[in-house]
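Notes for the one structure printed next.
The values are calculated or read from the model by the stated rules, or taken from the named source; none is laboratory data. Everything numeric in this text was worked out from a predicted model, so none of it was measured. When we count neighbours, we look across all protein chains shown, and the Cβ atoms used for this are built from the backbone with ideal geometry, even at glycine. All accessible areas refer to the heavy atoms of the entire protein, side chains included, with ligands and DNA or RNA removed. Shrake-Rupley method; radii C 1.70, N 1.55, O 1.52, S 1.80 Å.
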Amino acid sequence: MEQYSLFDDRETMNPLASRLRPESLEEFIGQNHLLGAGKVLRRLIDSDRIPSMIFWGPPGVGKTSLAGIIAGQTHADFVNFSAVTSGIREIKEVMAKAESSRRMGVKTVLFVDEIHRFNKAQQDAFLPYVEKGSIILIGATTENPSFEINGALLSRCKVFVLQALTEEEVTALLQTALHSFKGLGYLDIAIEENLLHTIAVFANGDARTALNTLEMAVTNGILDETGRTTVTREIVEQCIGGKVLLYDKNGEEHYNLISALHKSMRNSDPDAAVYWLARMLEAGEDPLYVARRLIRFASEDVGMADSQALSVAVSAYQASHFIGMPECSVHLTHAAVYLSMAPKSNALYLAYESAKTDARESLAEPVPLNLRNAPTKLMRELHYGEGYQYAHDTEDKLTLMECLPKSLREKRYYVPTEEGAEAAVRERLCRIQEWKKQK
């Protein structure tokens, strides 16, 4: 005969993330932009006027939990449907039951996880039932619904974008897990606050990952004679598969490291650039954030000295988006080294900053008449386009037409350097200016 101890509760055998699944909006963590007081989704739920909708967001942000809460608060039957294991036959069976329930005045919320995995025929099978109101369809997807969901179905659904949880929200969830008796509250656990923060950083906005990591750390904790379980830094390091690094993606160290990377590349030091890049990536930084900073650098600090730098940086971003970490680290290294070794020019940055100052001080300055289009008779009578000179009609492909407002004539914003390919640009600009002087 199988025996169970006093603490061997069947409920505690379920994964921590499952036990802590919120049952009300008050227990739900995150998505304040949708569920805060007065926000659109909160109002729809409170007024029981839920439309069919698509939840689009990264994993572990509560898409399934939110659908279940909605079903509970709107007094509807809740059917959890997987796009991975279900086909047309299963869809029709669920739809028939939902239609029967509708005739008895009972709504059915059909939650379809990973709805983007359904093919066109499967998605089309929902259409008549969504239109009749037999079901309230809630689809969850990590992919852009504009590309992955049929237009006919998408047009009948409201799309809500769910955001990754903040580190503060994940840390608060971990605290709840430690103290709630649905979670780990029945245990005496000793774990430092900074280790909870470390797990939150590692989870990168994914509540499920955070809770699974905490549960693993507690399971492998050190149990003493008093029954207390101690979770050490070494245990957490083992559970997240690497050394806990000093890094706060929203704090000062985040900006210190990206500054170090930027300045190393500006100083044409590829070794330092690769080191600071590795520091960020190995500490859990979002590779797409780093890639965006490289794209900015390509124009701000290299610019016309090597216009190919921008293409390299953009390609590194696309590669990082396609394959993610850890594989994309080599693409970011490629871009960082290329940018480090490229000739440097900040002429584009200085040009815009100078023009920005003048633009803000002359926002009311009218566009010269010769630069305005004149598609109508009235516009022509008002002298729109008068004096315009078409450069392609001239032998030198140049004219003396003024293109700046009167108050800014003779202004020079772009001053090319003699670095790299920009030297040729500088030479051409000088020839253009000399031509205008001679004419």
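Structure values in brief
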item	result
Relative intensity, log₁₀ I(q)/I(0), of the stretch 281-439 from a Debye sum that treats every alpha carbon as a point, q = 0.10, 0.18 Å⁻¹	-0.58, -1.09
Summed residue charge, Cβ within 15 Å of Lys344's Cβ, Lys/Arg positive, Asp/Glu negative	-3
Segments 254-261, 23-30, 61-68 sorted - mean Cβ within 10 Å per residue, highest first	61-68, 254-261, 23-30
Cα-derived Rg to Rh of the stretch 321-391, Kirkwood definition	1.33
Among Trp435, Thr176, Thr74 the positive-end extreme of the charge dipole of the chain (Cβ point charges)	Trp435
Average accessible area per residue (Å²) across the stretch 91-205 - probe 1.4 Å, nucleic acids and ligands excluded	47
Summed residue charge, Cβ within 15 Å of Ala190's Cβ, Lys/Arg positive, Asp/Glu negative	-4
For the stretch 188-347, with +1 on Lys and Arg beta carbons and -1 on Asp and Glu, the positive-most of Ile323, Leu277, Ala305 along the dipole	Ala305
Kirkwood hydrodynamic radius over Cα pairs of the stretch 87-176, then Stokes diffusion coefficient at 10 °C and 1.306 mPa s, in µm²/s	108
Within the accessible area of the chain (1.4 Å probe), percent carbon and sulfur	53
The chain: angle of helix 252-266 to the longest principal axis, Cα-based, in degrees nearest 10	40
Quarter of the Cα convex hull surface for the stretch 51-103, i.e. its orientation-mean projected area (nm²)	4.5
Listed pairs Lys158/Lys182; Lys356/Lys436; Lys63/Lys107; Lys63/Lys97; Lys356/Lys397 exceeding 31 Å between Cα atoms	Lys158/Lys182
Long-range Cα-Cα pairs in the stretch 183-339 (distance over 22 Å), rounded percent	49
Rg/Rh for the stretch 167-221, where both radii come from Cα atoms and Rh is the Kirkwood radius	0.92
Mean shadow area of the stretch 113-160, taken as a quarter of the surface of its Cα convex hull (nm²)	3.1
Cα pair distances in the stretch 10-117, grouped into 5 Å bins until the bin that holds the longest one, percent each	2, 10, 19, 22, 20, 15, 10, 2, 0
Percent of Cα pairs exceeding the 16 Å cut-off, where the set is the stretch 255-328	48
Normalised alpha carbon radius of gyration of the stretch 367-439 [divisor 2.2 N^0.38 Å]	1.39
Most fluctuating residue given options Ser407, Ser307, Ser134, as computed from a GNM of the chain linking Cα atoms under 10 Å	Ser407
Global form of the chain, assessed from the alpha-carbon gyration tensor, a/c cut-off 1.5	oblate
Burial order of peptide ranges 361-371, 342-352, 175-185 (average beta-carbon count within 10 Å, highest first)	342-352, 175-185, 361-371
Additional length obtainable on full extension of the chain from Lys439 to Arg412, 0.36 nm per residue less Cα span	7.8 nm
Radius of gyration, Dmax [the stretch 126-242; alpha carbons; angstrom]	20.1, 63
